[in-house]
Each structure stands twice: as structure tokens, then as C-alpha cells.
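Student: Quick one: this structure, given as C-alpha cells, is what I'll be asking you about.
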Amino acid sequence: MAILHGSWVRKNQNSCLFIWGETWRSPQVNWDITQSPEIPQHPLAMTGVELSEWLAAKNIAITSSKQQQAQTQPRSRKTTKPPEASLPTYSHIIALPTQILENTKDKTFNLLPVHSASQDLESGASPYLQPWQVAGFCLNTSEAIKFLQSLPLNITSGKDTFLAGDLRFWSQVARWSLDLISRSKFLPNIQQQADVTTDAGWQVLLDSAVDSTRLEKFAAKMPLACRTYQEIGNGDISVDLPESAQGLILEFLNSTIDVQVREMVGNQPIIEARVMAALPVSLRQWLQALTTASKTVVADVIGVERLEAALKAWTLPLQSEITGKPLFRTCFQLNSPGIGETEWTLAYFLQAADDPEFLLNAAIVWQNPVEQLNYHNRIIDKPQETFLRGLGLASRLYGAIAPSLETEYPQSCQLTPIQAYEFIKSVAWRLEDSGLGVILPPSLTNREGWANRLGLKITAETPKKQKERLGLQSLLNFQWQLAIGGQTISKTEFDRLVALNSPLVEINGEWVELRPQDIKTAQTFFASRKEQMALSLEDALHLSTGDTQVIEKLPVVSFEASGALQELIGALSNNQEIKPLPTPASFQGQLRPYQERGAAWLAFLERWGLGACLADDMGLGKTIELIAFVLYLKEQDLLEQPILLVCPTSVLGNWEREVRKFAPSLKVMQYHGDKRPKGKAFVEAVNQHNLIITSYSLIHRDVKLLQTISWQIIVLDEAQNVKNPDAKQSQAVRQLDATFRIALTGTPVENRLQELWSILDFLNPGYLGNKQFFQRRFAMPIEKYGDAASLNQLRSLVQPFILRRLKTDREIIQDLPDKQEMTVFCGLTTEQAALYQQAVDKSLVEIESAEGLQRRGMILALLTKLKQICNHPSQYLKETTLAQHNSGKLQCLEEMLDVAIAEGDRALIFTQFAEWGKLLKPHLEKQLGREVFFLYGSTGKKQREEMVDRFQHDPQGPPVMILSLKAGGVGLNLTRANHVFHFDRWWNPAIENQATDRVFRIGQTRNVQVHKFVCTGTLEEKIHDMIESKKQLAEQVVSAGEEWLTELDTDQLRNLLILDRNALIDEDGE
């Protein structure tokens, strides 16, 4: 992976966007300043050729004007050339954060530039700004605009991130330039150049408070890397002070707006040819220079001077905005009519640009005809000139002001109610956009919101005598009132206000807007619809999150919940308010505090019949939380019907084991395999159990049979399996009725928001609308355009139904042990089972007739074969790929890695077989779409060091490393990983712990999860059970690895190796 950087670089008349690529290599540079005074090459920067190839691989096109010219030239005869950059390569000096370590022996320095994607520095050394030489491409203004506008807006995090913060910053500023052009925020100018020529151009006009504030915010957010490009000087090694952020942004805006405006007007005549011919030569030349590629104005000195004077006079009202942000501006305050009056007053003031509360009324301005006025400890330069300039500008934008300017000392003007309404709706924003201040009555300030509009005020509560449990579609008791400006009004009062026939009306001393359309809607509501109005729990939840804003076409200006409904909405918006659920009495274990809260959250939503998505990070114990919740229901006599749990086939046995371990009082049944009960036998079996566990692949085959059961709860484990709503298994689970639905997943969104919709639509059908509505309302605005408002709205909608805790949360970390060890039980496919049984039968016959060393060797060889079969048939059959066969362990590994990588974790996979690592590496690379390392005995020393270095330090390095137990079990520091997978078992705790300690050691800052894979129904499970049941003794006996197995007699060995066929997971048999 690589990261693309870019920034605007000022070079007098040849400013450009300089782009360069950063990749991962060994970052250390040994620098002897006495021997090599030149600035060193950045070790992580790509060469021009590498950058070209990488851009091509990413399908990022840079349209170069030189390339376009070259394409028009005739092609020469083909010759073989070495690869070369697609654009001319330039070198720039950039000061970047670097760790500098001095070698005291030889007085040299080790320079380690900090990778831009690094989240934290593992060394305690503080970074310095060190100049580096970086190769890259310089894009002129036109090329830069096209390039920046082509960059995606939505890639900001995760494995797909390839745009650095500096380039994303300029991409946003480029889009701001489009907004400025659309609002005509630019002016023509004329400038004398250093070579005595005169140029015409277009410059940005930031005269409104909105744009001035935006400039300040952009400047504050500018990454430091944008400001540390260095001037190429006399060879001295030094770092210039960072450039002015605002100056750099303004130079970029001026350059890009100039180019874009020229392109807009260049293809059409500005004025008619006969009018152009009648203009003075200098003016004609200036207009042509504004619209053509050549900026030079070819005219005599006197003509240019006259042109400059005329242009200065024309832009005089805007001079303060052009030269810099003005300290004071003219402000207009709209005051409501007095008692018994009908006209509004628009009063004139001077206002401080940095303090809207600082106002100087017109009377004081006219009383002080001075160059400088000291007022309340503020110095105001030329107050009357500033005031008059603002009045003149405002009069051109709003004609109602003009008559007042004919008085000697204008202080205000009178407006009719219609004029006042016009001022609020269509004039105020234009004045603000032109750099003037506006103050409106407080009740009329929220011009876009609905708080002050005519609408409905709704209060709701749950029905007093509700017999059945509530659901999203349950109807609520509610009352509605008409409200405007935060005040309720009666029907009589409404009729009185309508009769005034005014867009602005007064209610209890406050002026509010009464829109004609709202009046018509309200009248229609009163006439026909008020009796038809109904409010469901789903409506109430949408209203409380602000998603629904209209009922019966009337705005909902206020929503209040009371009683139990208020408690529900409060708890859903803040799950901390839910009281933790004590560990059930029959639970064999102890819940951690956050697990008690998770089980309580499930119990709370179950009472309301609202679907729940438990989305805790992998390893936090979603399984245990669910088991505790089910036990709670049983102990409280609330478990009246069976529960259906759907999970991946590979973890069927795991679920049954966990339930039996933590809740032996629950009656659990696996429903799978070709011997599963059918018809009446199925119904009878289900009614005798509390929990039925089945697989996704079986759910759509037996959906008709499953529909015959009244399920109390349906649980989807690894619910991302229904992320495709059109898949058979997704459609099948939706056809099953239940009073409560639960989804367990560590990754509610893996790639697209439609996956989230699919899970939520299973839990609470219709809550997020249909698929097309969701795509239009949320998915497209968020994924394509990075719309923050839509994202926040979606988050508020789904937050009540998704509980997600991360391993990195402070309150979670303190509850977790430093190292969690868990056994993952994986089933066998039918093919694995056949190979396993065949190997056992054949070998036992041979072992029975052998003795001594030969017998011991044959037993060890058999154990190796069985381990290989448990791993994957392809390993046992000596095949070169994994494509032709399947394995329960591999299914489990793929599912767990998907979740771990989606959570930003890294993992080590230990195996004792080098040949298995060679098979697994390409398979995982294809499956995960990421590079995977494999370190084993034949890995060279240099390659080994590079692997460890990249895995530990490269922020975009491979998230998975496979290691052979012997080669990778000792001598390595791999603390960047926080997951350890023991894919096949050595049965020697000391060796396995030694391997785990590659991760769990000094320098590890996160909780480590150790996953030990065991195939159910095989010798792996039986040995595991022996170790667990007699752990202390077993560790003593098994400490020598597998040698103890060779001492068993044939009958003991047969009992150990015999296959339990109930452990099969093969889908075809179902």
C-alpha cells in the first residue's frame, strides 16, 4: 500500500500542485553531515516511475497539457525502452516529522522519518522537522483542478485510504472554489509584474462573514505538511518557518478561480464586436487578456494607468475586503412595530466583525466626523467612511433603503409588514453574503428551521391498559395542539391570525412567521384529516431522533413523551441508563460489568419487542451475554416459547459447547445433518428444548418446517451473513415470525451501508424504509458525497438498536484481562471425515502388528496425517491449492479474520507445518484482498527482518502473518498483533505459550486474544478435553509433546482416535 500526498507550492508565476507518493521501506537513513552536507533523499518516497505505476494501478488519471500535445504528434517506430514516469519528475524539499538519533561513537545521525499514517510513535523520542528531498510531479493550475476534483470524497479511513491529509485538504479547498464561482465571488484585476509587463486576471472576493470564517477554519485545519515546503537555497541545511496558511489558501483560490473563469468565458464573446471596437485600446486589450490564455495586457503606459484608476474607483466599496478582513462593518437591525403601530424599523449601525454584540448606532457615527474614533476601548478607523460605504452597497442590494440615504444623516428606514417579510426571507442573506451585518428579532432568527413555524405540538404516552407487549407498530395515546413560535394556539386564535392577512404576526409579545402554505395545510387538516391521525411507537422514535418532521403535511414543531414512553426513549438514546442485569443464579461463571450491561440491554429491548443488534468487538463475549440473557428469561419464567439461533455451520458445535458450559440448565439441541428430525418429530423435539441451533445454509431449505413453530426469539450469530438482502438465507430468516429478534455481529457494516440496512430491516422491518428509499436517503449521500448531516441522522436512527463496545474503550479495557485464551471448536466436512476414518482404519491395522520403535514411529506418523486432515484435505492430499476442497477450521479462520481486520486488528497464525503455510498464504491473500506474510525456516535473514519491520511499523502493512511454530515461535517481537491463532496444536503448553509470547510481551499496549483451534469429534477434541479435565496433571504428562501417545495400547489408541460423526458440518448432507 502507498499514500498519495500533494500540496500547493508557490513559485512566483509558476505555482503548482506538487504530488508525491509515500510507501513503506526501511525508514532509517544514516547521515554524516560532515561528509554529505546535501539534504538526503526521503527513504519512504516513491520514485517518479513508481508513482506513475501506482497511479495507473489506482486508475487515477492526470491529464497533462504536455501529454495532450504529444498525442497530436505522429508516432515513431516502436523501440524497447525502460519504464519511465508518465510526467516530468521534479524534486522538492519538504520538512517532515523525523526522529533523529545521534550515534555518539562516530557523531553521525540516524534519521527515521515518521510514516504519515502512523497512529503513534513507538519510540519515546520526539520528532523534529527535518528537510528531505522528495521526487514527484508538478501539476499546473488547470491540471491541478481536474485532478483534485476527480479525487473521491468518501475515502477517509480504513484499508482503502490512500489519500493523505494534505491532499484531501486541497481537494476540499478546490471544491470551495467551485462554490465561490457559483456565487460570483470573484473580481477582475490588473497587476504590474516584476518584468514591467502588465497582467489581467481574476481574483477571489471573500467579502461575506461566512466566507471569512470559512477561510479562518480552513487555515486552522491546514495540515502542517502543506506549509513546510522549503525554498531551494544555497545548500545550507535549515528549515524555513511554515508559510502563512491563509496566504497559501488565497494564492490557491486566486490561481484556480482565474483559470476556471477564463475557461467559462473564453469560448464566448464578452460584448458585441462593434461595441468592443469602439472601446479604448487599453480597455479592449484588458478584456481580451481576461478571457484568453495570454494574460498580458499590450497597451501604452498612459492607457494602463487610466485603466488602473478606473478599476480602483469601481472596486472602491470593496477595497477593505480585497485588502484584508475589515474590523468593522455596517449592520442592519430589524425592529418590530411598537404598540399600536404597523410599520417595522430597519436601524443602521456599525458592528465589530469579531464581536456581533459590539454595536455603534448611526447617531454616534454622525456625531463624530473623525479619522479615528475611540469607543468603549475600541479604535474605529474612518467610521463615517466605513458606514457610508456599507449603506451604499446595501442600497444597491435592497432598494427600500435608498430613500433614507437622501436625508442628511440617515439612521433608519421604515418597512411595511410585507417589506419586512421580504427582508427576512430574501434580503438578509444577500446582505450577509456581501459582508454586511444583519440582526433579526430572536423569534425570527431561525430562518431555515421549523421551531418558529406553524405546526403540531405532540405529546404521547403508552396505552394505560396494554395487555400485549408493545412493538414498533403499536399505537400510542397522544394529544396534538397547534403551535407557532413555541406557543400553543387554539383554533379560534388561529382563525384570528389568518384574518390579519400578514406573513408576520405577534403572539404574546413575540413575532413569528405565518406561511401561506402552512395556513392552507392547517385548514385542510382541520377540515378532514385530524380524525384520521394515528401515532405508532415507530413514529415516536422517528420524531424523537428528528428524522420525521412532518405529520399529515404539517411540521412537528415539538414532541414530548411521558411515562413509560419517556423512559424508553431516554434509555434508547443513552443505554447507560439501563440498570445492569445481575449474573443469573444458574449461570456457571461471572459476567464482567460491561457484559451485565449488555445482557440488561437485551432484556430491556425484549420487553418492548424492539430488535437488538449486539455489535461488540470480537472477544468481548457476545456469546456469553446472550446465554446470560436467555437464562434470565428462564429464571423469571419469561421463556414461554423456544429460541432459534442461526449461525455459520463451522461454529454449530462451538455454540452447543458454550451453552452447556455456562448454562447447563438450558435444554439445547443442534438441528442439522441428514438425521435431523422432520415433521411431527421436529415439532415434538423443539418443544422439549429451550434453544435450537441451526445453520444459515439449512434455514432456507427447511423454512416451511421452521415456520410451523412459534418462536419467541430468533438470533442471528455473525449476522453479516444476511448483509445481502436478496440472498436465499436472508429472505428465509425474514419469513420466520418471532416476538423478538437479535443480531450478533462484530462488523455491522463491512463495506456498504446497505449491509446495515439489511440487518436492521431483519430486526425491525420497515424502520429504515425500503431498500430503494434507504439507498436514496442515506447510502448515496454518505458513501458518494460524504454527507455529514445524513450520517448524523442515520446514526441517531440506528443508535437505539445497536450496542457496540470496543476493546479500546476505557471502561472496557479495565474489565478485560490482559490475555484472553479461548478454544474455537470447528466441525469436519464429510470429505475430511472420510479421509480421517480411512487413515485411522488403515493405520491401526498396521500399528497392531508392529512393535517398539517402528510402532512409535507409525503412531507419530498417523497423528501427523490426522492433523493434516483436520487442517485441510488439500494439505493431506499434497495439492498445490485449496480450491478443490473445504475445511471447518479454514471456515472459522476466514470468518474470524474478516471480523478482526474490519476492527483494525492484526493477527498471527501459527502452524507446525510449513507446507500448510505455503497453501494458506495465497488463499488468504485472495480471500482478504490484502498482502499476507509467511515466515518459516527457509525465510532468509534479510527477508525475515523486512517482514517483521513492516508488520510492526508499516501502518498500511499486511494485517496477517503466518508463522511456522519452530521458526516463528522464539526470538521475535510482534506486539503490533493482538490476535494469535494456533491453527494446529502442538499439545505442548510451553511451546504454544512461547509462540503466544511473540505478541503478549513488554511493548504490547492492547489486550491479546489467543484462539486455539480444535476439530470436534476427533483426537484434537479428546486430547483437549483430557487437558482441561486434568489440567495440572495433563501438563506434566503432555509436556513432552505427543510422545506419551505412543505408549498407549491399540485399544486405547482406537478409543482416542475414533471419529464422532455427530461433529460433521458438511452442508450437502443437510
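Student: Somewhere in the range 357-372, is a residue touching a residue at least 24 places away in the same chain (Cβ under 8 Å), of a type outside the set (Gly, Ala, Ser) and loosely packed, with under 15 Cβ neighbours inside 10 Å?
Tutor: No, that holds for no residue.
Student: Does Gly653 satisfy being modelled with pLDDT under 95, crowded, with 20+ Cβ neighbours inside 10 Å, within 38 Å of the chain's Cα centre (by Cα) and in a loop (DSSP other than H, G, I, E, B)?
Tutor: no
Student: Something else about it: I'd like to check which strands (runs of 3 or more DSSP E) are fully inside the range 668-767 and have at least 2 residues that are closer than 25 Å to Leu537 by Cβ.
Tutor: Filter on the range 668-767 gives 711-717, 738-744.
Student: Scan the range 708-740 for residues that are out of contact with any Leu (no Cβ under 9 Å at 6 or more places or on another chain) and either crowded, with 21+ Cβ neighbours inside 10 Å or within 18 Å of Leu639 (Cβ to Cβ) (or both) and jot them down.
Tutor: Scanning the range 708-740 gives Ser710, Gln720, Asn721, Ser730, Asp737, Thr739.
Student: I'd like to check something: does the range 873-882 contain any residue that is among the aromatic types (Phe, Trp, Tyr), closer than 16 Å to Thr939 by Cα and assigned by TED's automatic domain parsing to the domain that holds Ser964?
Tutor: No, the range 873-882 has no match at all.
Student: Would it be correct to say that Cys226 is touching a His at 6+ places or on another chain (Cβ under 9 Å) and at pLDDT 90 or above?
Tutor: The answer is no for Cys226.
Student: Of the residues Val840, Val798, which single one is under 27 Å from Met618 (Cα atoms) and surrounded by 14 or more Cβ atoms within 10 Å (Cβ to Cβ)?
Tutor: It is Val798.
Student: Separate question: In contact with a strand residue (DSSP E or B) (Cβ under 9 Å, 6 or more places away or on another chain), within 26 Å of Phe801 (Cα to Cα) and in contact (Cβ under 8 Å) with a residue 40 or more places away in the chain: is that true of Lys622 in this structure?
Tutor: Yes: the conditions hold for Lys622.
Student: Since Leu388 meets every condition but one in (1) closer than 30 Å to Asn189 by Cα; (2) in a strand (DSSP E or B); (3) more than 47 Å from the chain's Cα centre (by Cα), which condition does it not meet?
Tutor: With respect to (1) closer than 30 Å to Asn189 by Cα; (2) in a strand (DSSP E or B); (3) more than 47 Å from the chain's Cα centre (by Cα), Leu388 is out only on (2).
Student: Same structure again: Could you please tell me which pairs satisfy a Cβ distance under 7 Å, a separation of 6+ or placement on different chains, a first residue in the range 186-197 that is over 16 Å from Val261 (Cβ atoms), and a second residue that is of a type in the set (Val, Ile, Thr)?
Tutor: Partner pairs satisfying both residue conditions: Gln192/Thr198; Thr197/Thr296.
Student: Could you tell me which residue of the range 617-650 is surrounded by the most Cβ atoms within 10 Å (Cβ to Cβ), considering only residues that are touching a Gly at 6+ places or on another chain (Cβ under 7 Å) and assigned to a loop (DSSP other than H, G, I, E, B)?
Tutor: If we take residues in the range 617-650 being touching a Gly at 6+ places or on another chain (Cβ under 7 Å) and assigned to a loop (DSSP other than H, G, I, E, B), then Asp617 is surrounded by the most Cβ atoms within 10 Å (Cβ to Cβ).
Student: Given the options Ala420, Ala400, Ala347, Ala428, name the one that is buried (at least 16 other Cβ atoms within 10 Å of the Cβ), under 50 Å from the mean Cα position of the chain (by Cα), outside the structural domain of Leu514 (by TED's automatic domain parsing) and in a strand (DSSP E or B).
Tutor: Ala347 is the lone residue from the list that is buried (at least 16 other Cβ atoms within 10 Å of the Cβ), under 50 Å from the mean Cα position of the chain (by Cα), outside the structural domain of Leu514 (by TED's automatic domain parsing) and in a strand (DSSP E or B).
Student: Here is a further query. Please work out which residue is nearest to Val999 (Cα to Cα), limiting yourself to the range 928-951 and to residues that are more than 23 Å from the chain's Cα centre (by Cα) and in contact (Cβ under 8 Å) with a residue 40 or more places away in the chain.
Tutor: Looking at the filtered set, the residue picked out is Phe951.
Student: Being among the polar types (S, T, N, Q) and either surrounded by fewer than 21 Cβ atoms within 10 Å (Cβ to Cβ) or in contact with a Leu (Cβ under 8 Å, 6 or more places away or on another chain) (or both): is that true of Gln868 here?
Tutor: Considered against the rule, which asks whether it is among the polar types (S, T, N, Q) and either surrounded by fewer than 21 Cβ atoms within 10 Å (Cβ to Cβ) or in contact with a Leu (Cβ under 8 Å, 6 or more places away or on another chain) (or both), Gln868 comes out as no.
Here's the yes/no breakdown for (1) closer than 29 Å to His1024 by Cα; (2) in contact with a Leu (Cβ under 8 Å, 6 or more places away or on another chain); (3) at pLDDT 90 or above:
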position	(1), (2), (3)
Lys889	yes, no, yes
Ala902	no, no, no
Ala907	yes, yes, yes
Lys918	yes, no, yes
Pro922	no, no, yes
Lys942	no, no, no
Gln956	no, no, no
Ile962	yes, yes, yes
Val980	yes, yes, yes
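Student: Could you pull out every one of the helices (runs of 4 or more DSSP H) wholly within the range 793-908 that has 1 or more residues that are under 26 Å from Asp674 (Cα atoms) and touching a Pro at 6+ places or on another chain (Cβ under 9 Å)?
Tutor: Passing ranges, in order: 830-848, 888-902.
This table checks each residue for (1) over 30 Å from Gln952 (Cβ atoms); (2) among the charged types (D, E, K, R); (3) at pLDDT below 75; (4) not assigned by TED's automatic domain parsing to the domain that holds Phe951.
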residue: Leu55; (1), (2), (3), (4): no, no, no, yes
residue: Ile62; (1), (2), (3), (4): yes, no, no, yes
residue: Thr72; (1), (2), (3), (4): yes, no, yes, yes
residue: Lys105; (1), (2), (3), (4): no, yes, yes, yes
residue: His115; (1), (2), (3), (4): no, no, no, yes
residue: Leu121; (1), (2), (3), (4): no, no, yes, yes
residue: Ala125; (1), (2), (3), (4): no, no, yes, yes
residue: Phe137; (1), (2), (3), (4): yes, no, no, yes
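Student: Among the residues of the range 301-330, which ones are at pLDDT 85 or above and acidic (Asp, Glu)?
Tutor: Scanning the range 301-330 gives Glu305, Glu308.
Student: Output the residue which, of all residues in the range 724-763 that are of a type in the set (A, V, I, L, M, F, W, C) and farther than 27 Å from Val630 by Cα, is nearest to the chain's Cα centre (by Cα).
Tutor: Leu753
Student: Tell me, which helices (runs of 4 or more DSSP H) lie completely within the range 483-555 with 3 or more residues that are polar (S, T, N, Q)?
Tutor: 516-524
Student: Tell me, which residue of the range 784-795 that is over 25 Å from Glu538 (Cβ atoms) and touching a residue at least 60 places away in the same chain (Cβ under 8 Å) is surrounded by the most Cβ atoms within 10 Å (Cβ to Cβ)?
Tutor: Looking at residues that are over 25 Å from Glu538 (Cβ atoms) and touching a residue at least 60 places away in the same chain (Cβ under 8 Å), I get Gly786.
Student: Does the range 493-509 contain any residue that is over 30 Å from Glu606 (Cβ atoms), surrounded by fewer than 17 Cβ atoms within 10 Å (Cβ to Cβ) and at pLDDT below 80?
Tutor: yes
Student: Then there is this: For the range 559-583, which positions are surrounded by 17 or more Cβ atoms within 10 Å (Cβ to Cβ) and over 30 Å from the mean Cα position of the chain (by Cα)?
Tutor: Phe559, Ala561, Leu565, Leu581, Thr583
Student: So, Gly340, is that one of a type outside the set (Val, Ile, Thr), under 30 Å from Phe186 (Cα atoms) and assigned to a loop (DSSP other than H, G, I, E, B) or not?
Tutor: No, not satisfied.
Student: When you scan the range 331-342, do you find a residue that is surrounded by 15 or more Cβ atoms within 10 Å (Cβ to Cβ), at pLDDT 90 or above, over 30 Å from Leu287 (Cα atoms) and more than 47 Å from the chain's Cα centre (by Cα), even just one?
Tutor: The answer is yes, given that some residue of the range 331-342 is surrounded by 15 or more Cβ atoms within 10 Å (Cβ to Cβ), at pLDDT 90 or above, over 30 Å from Leu287 (Cα atoms) and more than 47 Å from the chain's Cα centre (by Cα).
Student: In the range 856-896, which residues are touching a residue at least 12 places away in the same chain (Cβ under 8 Å) and of a type in the set (Ser, Thr, Tyr)?
Tutor: Ser874, Tyr876, Thr880, Thr881, Ser887
Student: Give me the pairs, please: first residue somewhere in the range 470-494 and among the basic types (Lys, Arg), second residue anywhere and surrounded by fewer than 15 Cβ atoms within 10 Å (Cβ to Cβ), beta-carbon distance under 7 Å, and either six or more positions apart or on two chains.
Tutor: Lys491/Phe526
The values are calculated or read from the model by the stated rules, or taken from the named source; none is laboratory data. As the structure is a prediction and not an experimental result, all values here were calculated from the model. Using ideal geometry, Cβ is built from the backbone for each residue, glycine included, and neighbour counts are taken over all protein chains shown.
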